Amino acid sequence: MDNSLVEILLSKQPKSSDVIPLFEQLEQKYPCDILASPEKLYGVWELRWSSSKLPYLQVKPWLENLQILLPADNRAMNFIRFPQAFAKLGGIAVIAELQLVSSSRVGVRFIKGGWIGPRLPGLTVNLLGGINQSFPAWLDITHLTDKLRLCRGSNGTLFALVKRDELIANDLIPSI
């Protein structure tokens, strides 16, 4: 079932009618406990499907919508950039502090946002400013494997992400 959903997510245009039934089955049959194994969250995850209608939460072939998680450091970053050769130009980033709140809930406090890149030999240009988050945000991780993460956001949005093992989390996220 997990592999079936990953295959659907990696197709060009995953349909909600294909994703949602498998999403809900995996959540119910195989819930996760992030407190028992927070290291499973570590890495670079690519958003492959979202129930949101917001443009920055939609999957588009000309953009990579990445989420970098460093749970041991209580850090994360949402990063939208162009794919492949153009990735070195940089992208839009929002950096956050994470707190593992319960067996499924991660508290999120956004602290900086802006542009990261381009990457030049020995230098990365970062144009980041502070964010004054006036509301609590959280994310429920409802299913987690080595290659698939299913989540429900504080606004009710469903997210399906696939692990990008070829990308190194520490190479992408700047120090806070």
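Just so you know, all these numbers are worked out from the coordinates, no wet-lab data involved. Values in this document were obtained by computation on a predicted structure and should not be read as measured data. As a convention, Cβ positions derive from the backbone with ideal geometry for all residues, glycine included, and neighbour counts pool all protein chains shown.
Within region 37-96, if we keep just the residues that are in a strand (DSSP E or B) and acidic (Asp, Glu), the residue that is nearest to Glu7 (Cα to Cα) turns out to be Glu46.
So, in region 136-152, of the ones that are in a strand (DSSP E or B) and without any contact (Cβ under 8 Å) to a residue 60 or more places away in the chain, which residue ends up farthest from Lys163 (Cα to Cα)?
From region 136-152, those in a strand (DSSP E or B) are 137-144, 148-152; that's our starting set.
Now narrow it down to the ones that are without any contact (Cβ under 8 Å) to a residue 60 or more places away in the chain: 137-140, 151-152.
Values: Ala137: 23, Trp138: 20, Leu139: 17, Asp140: 17, Cys151: 14, Arg152: 17 Å.
Among them, the one singled out is Ala137.
Please specify each residue of region 12-29 satisfying the condition of being more than 20 Å from the chain's Cα centre (by Cα) and more than 17 Å from Ser52 (Cα to Cα). Hits for region 12-29 are Gln25, Gln28, Lys29.
Taking the criterion of being more than 12 Å from Leu150 (Cα to Cα) and surrounded by 15 or more Cβ atoms within 10 Å (Cβ to Cβ), the residues of region 1-33 that qualify are Ile8, Pro14, Asp18.
Close Cβ contacts (under 6 Å, 6 or more residues apart or on different chains) running from residues in region 12-29 that are among the β-branched types (Val, Ile, Thr) to residues that are surrounded by 16 or more Cβ atoms within 10 Å (Cβ to Cβ) and not in a helix (DSSP H, G or I) comprise Val19/Trp49.
Would you check if there is a residue in region 73-84 being among the small types (Gly, Ala, Ser) and more than 14 Å from the chain's Cα centre (by Cα)?
Of all residues in region 73-84, those among the small types (Gly, Ala, Ser) come to 76.
Pick out the ones that are also more than 14 Å from the chain's Cα centre (by Cα) and you get none.
Taking every residue of region 73-84 in turn, none turns out to be among the small types (Gly, Ala, Ser) and more than 14 Å from the chain's Cα centre (by Cα).
Going through (1) assigned to a strand (DSSP E or B); (2) surrounded by fewer than 17 Cβ atoms within 10 Å (Cβ to Cβ) one by one, Phe159 falls short only on (2).
Can you pull out the residues in region 94-112 that are among the hydrophobic types (A, V, I, L, M, F, W, C) and within 21 Å of Leu57 (Cβ to Cβ)? Spell out the reasoning first.
Of the residues in region 94-112, the ones among the hydrophobic types (A, V, I, L, M, F, W, C) are 94-96, 98, 100-101, 106, 108, 110-111.
Val94, Ile95, Ala96, Leu98, Val106, Val108, Phe110, Ile111, listed by residue number.
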